[in-house]
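Data first, discussion second: the structure below is written as structure tokens.
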Amino acid sequence: MESVMMGGMEVAIAALILHFIPTLVAMLRGHDNTFAIFLTNLLLGWTVIGWIVALIWSFTAIRRRVRA
């Protein structure tokens, strides 16, 4: 029966991964404001509004610099 139930550590790791999805998306997309998105997620992500703002921000357009 123990193998069916998740322990506290697994639940905590899963919750952290879910909480920082906006930061992970920004990192994977190479967003220019990844650190700011991380800070927003860290400081305001515990509120649902802050998490949604960070998630939307992580999906916004990325401006690529054109080399001349």
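We did not get these values from a lab; they are worked out from the coordinates using the rules stated. Quantities reported herein were computed from a predicted structural model and do not represent experimental measurements. Backbone-built Cβ (ideal geometry, glycine too); neighbour counts: all protein chains shown.
Each residue of segment 43-52 is assigned a 3J(HN,Hα), and the resulting list reads 8, 10, x, 5, 8, 5, 4, x, 5, 5 Hz, derived from the Karplus form 6.51 cos²θ - 1.76 cosθ + 1.60 (θ = phi - 60°), x at Gly and Pro.
Pull out the extension gain between R29 and I49, defined as 0.36 nm times the separation in residues minus the alpha carbon to alpha carbon distance; nm, one decimal.
Computed gain between R29 and I49 is 5.0 nm.
Between A14, A36, A26, the residue with the greatest mean-square fluctuation in the GNM of the chain (Cα pairs under 10 Å linked by springs) is A14. At an R0 of 22 angstrom, the distance between the Cβ atoms of I21 and R63 translates into a FRET efficiency of 0.45. Dimensions of segment 5-48 from C-alpha coordinates, computed as largest minus smallest value along each principal axis and given longest first, are 40, 22, 13 Å. A simple rule links phi to the HN-Hα coupling: the Karplus curve 6.51 cos²θ - 1.76 cosθ + 1.60 with θ = phi - 60°, which for segment 23-31 gives 5, 5, 4, 5, 5, 5, 8, x, 5 Hz, with x for Gly and Pro. In nanometres, what is the gap between the two model label sites at L42 and M9, each 7 Å from Cα along Cα-to-Cβ? Label-label distance for L42 and M9, simple model: 2.4 nm.
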